[in-house]
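Structure, as structure tokens:
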Amino acid sequence: MSIKFYNTLTRKKEEFIPINAKEVRIYSCGPTVYYFAHIGNLRAYLFMDNLRRVLKYNGYKLKHVMNITDVGHLVSDADEGEDKMMKAARRENKNPYEIAEFYMNAFLKDIDKLNIDRPEIVARATEHIDVMEEYVKKIIENGYTYQTEDTIYFDTSKLDKYGVLSNRNVEDQKAGARVEFDKNKKNISDFALWIKAPENHIMKWDSFFGKSYPGWHLECSAMSYKYLGEEFDIHTGGVDHIPIHHENEIAQSKGFCGKIPAHYWMHVEFLQVNGGKMSKSLNNLYTLKDLEEKGYEPLVYRMFNYTSNYRAQINFTFEAMDAAKIALNRLREGYLKHSQGNEDVTNEQIEDYEKRFLEAINDDLNMPVAMSIVWEIIRNPKKSKKLQNLLLKFDEVLGLDLKNYSKNKTSDFPEEINELLLQRNEARKNKNWEESDRIRDILIKKGYLVKDNKEGTILEKK
Ligand code: AMP
Ligand code: ZN
């Protein structure tokens, strides 16, 4: 069945046709690691993960790259303000490398908790400075730059058109510009590619331009080229990337090899909080840890995101999170009920559910419709393992970890038994069969039947 994605480049929903029929190549703009990710950022990676899962569900292999911006860049996309990493380093009295290491690990932990699969390649900018240097040299050779004393700029007037994604022209940008026009630039849309480092700048490298560092936009162009080539299938990011960062990536690629790097550009809309912007000053900026401290497990936040399509804004409220918490519990309970049933459900019924689920996810990842089909299955009065298996299959896309829920569903047993079951699951995961047999024997002695199957262990009181 064909897949349709909304492509920001053409402003249309289009049939997805990958360059290589078997393997889809994707690049996602990753986090700048100078602070904990907030739940808005995490929405962007949940979208990225659903995209991966839908493509895999359709049988594609993936080669997916996500960058980690661990080189400092300026506070605004338009080369204005302070360096984010330096600012964080001052705030925490650490050096920028320590800041990057700490927040990168915190980010990876967050995405693990949300059951977001890691892209095949997670590429740190600081480990690719040489790749960026080679890339920028070619843009210079091709005649797309000019140089001031301390900066190499991309000259956007050399392009046939700048602004293909946002469809804005340079005049619009002037009218809309809130920042002072940098007098060193020839055109307002020009941007820094490579910058000489001032004496007190910690993150700098010896390069063709002396002690210097790359502009932010360069890392995505250089790393996507290194791992995915001049042209690949899908580029993802947040809607805030459209007007500057992604326009600049396209400009760089055109300067490098004359091509727009990705065929499909997909952008996730913003999460709002109580109908407005999330910000520290409004005291409404939440991290995953904040949600956990308020009693919401991370997967509740994943569930909450399925109430909206990725292209629509979503409004975060604690009432909506409470509803998502109840919904996730109902889903799990419903799933368990099916796992215990043996009533007859026809193959036609299963096929109908499968067909409609696939139609929904292949329609530009329509998760709210996909979830409505999941609820039909949960509410089906006939309880059947066939339906359980179908839910497990759909969970390859939903990522709600139902498989492990059944494994760890221990709450009806005494504490001591729960503990033994968890230890045994751990032993089985580590293929420590001796230990797992030992615990099984204890459980049997204590009066339980232990049944192992592909999905995990089922325990019953004898
Ligand atoms: P950053 O680490 O600031 O580069 O942002 C990481 C990702 O989060 C980018 O893809 C942004 O587009 C995205 N993002 C930032 N704020 C929000 C928000 N409120 N809702 C959804 N995505 C966001
Ligand atoms: Zn990027």
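The values are calculated or read from the model by the stated rules, or taken from the named source; none is laboratory data. The structure displayed is predicted, hence computed values, not measured ones. Because the Cβ atoms are built from the backbone with ideal geometry, glycine has one as well, and the counts that use them run over all protein chains shown.
Annotations
- Of the helices (runs of 4 or more DSSP H) lying entirely inside region 252-341, those containing at least 3 residues that are outside the structural domain of ILE39 (by TED's automatic domain parsing), under 20 Å from the mean Cα position of the chain (by Cα) and modelled with pLDDT of 95 or more span 288-293, 298-305.
For every residue, the table says whether it meets (1) within 20 Å of TYR45 (Cα to Cα); (2) away from ligand 2 (no atom under 16 Å from the Cβ).
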site: PHE208; (1), (2): no, yes
site: HIS217; (1), (2): yes, no
site: ILE260; (1), (2): no, no
site: TRP265; (1), (2): yes, no
site: GLN272; (1), (2): yes, yes
site: MET278; (1), (2): yes, yes
site: SER281; (1), (2): no, yes
site: TYR286; (1), (2): yes, yes
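- Breaking point among (1) touching a residue at least 40 places away in the same chain (Cβ under 8 Å); (2) in a strand (DSSP E or B); (3) polar (S, T, N, Q), for ASN248: (2)
- Considering residues of region 189-219 that are closer than 13 Å to ASN248 by Cβ and out of contact with any Ser or Thr (no Cβ under 6 Å at 6 or more places or on another chain) only, the residue modelled with the lowest pLDDT: TRP216
- Residues of region 12-47 classified as of a type in the set (A, V, I, L, M), away from ligand 2 (no atom under 16 Å from the Cβ), outside any loop (DSSP other than H, G, I, E, B) and more than 30 Å from THR317 (Cβ to Cβ), total: 1
- The sole residue among LYS113, LYS61 that is more than 13 Å from the chain's Cα centre (by Cα) and either basic (Lys, Arg) or closer than 25 Å to ILE3 by Cβ (or both) is LYS61.
- Selection status of LEU42, surrounded by fewer than 21 Cβ atoms within 10 Å (Cβ to Cβ) and either more than 16 Å from ligand 1 (Cβ to nearest atom) or touching a residue at least 24 places away in the same chain (Cβ under 8 Å) (or both): no
- Only one of the listed residues (ILE116, ILE111, ILE99) is among the hydrophobic types (A, V, I, L, M, F, W, C), in a loop (DSSP other than H, G, I, E, B) and at pLDDT 85 or above. That residue is ILE116.
- All of LYS12, LYS63 fail the test of being without any contact (Cβ under 8 Å) to a residue 12 or more places away in the chain and either within 22 Å of PHE304 (Cβ to Cβ) or of a type in the set (Lys, Arg) (or both), apart from LYS12.
- For the residues PHE102, PHE16, the requirement of being farther than 20 Å from HIS217 by Cα and surrounded by 20 or more Cβ atoms within 10 Å (Cβ to Cβ) singles out PHE16.
- Some residue of region 203-215 being closer than 25 Å to LYS87 by Cα and free of Cβ contacts under 8 Å to residues at least 12 places away in the same chain: yes
- Residue in region 221-241 that is nearest to ligand 1 (Cβ to nearest atom), counting only those that are in a helix (DSSP H, G or I) and in contact with a strand residue (DSSP E or B) (Cβ under 6 Å, 6 or more places away or on another chain): VAL239
- At least 3 residues being touching a Pro at 6+ places or on another chain (Cβ under 9 Å), modelled with pLDDT of 85 or more and surrounded by 14 or more Cβ atoms within 10 Å (Cβ to Cβ) is the threshold, and among the helices (runs of 4 or more DSSP H) wholly inside region 347-462 not one reaches it.
- The combined condition, being under 21 Å from HIS246 (Cβ atoms), among the acidic types (Asp, Glu), surrounded by 13 or more Cβ atoms within 10 Å (Cβ to Cβ) and at pLDDT 95 or above, is fulfilled by ASP155.
- Residue check, GLU249 in contact with a Pro (Cβ under 8 Å, 6 or more places away or on another chain) and outside the structural domain of ASP364 (by TED's automatic domain parsing): yes
- Condition met for GLU219 (assigned by TED's automatic domain parsing to the domain that holds ASN41 and either free of Cβ contacts under 8 Å to residues at least 60 places away in the same chain or within 12 Å of TYR162 (Cα to Cα) (or both)): no
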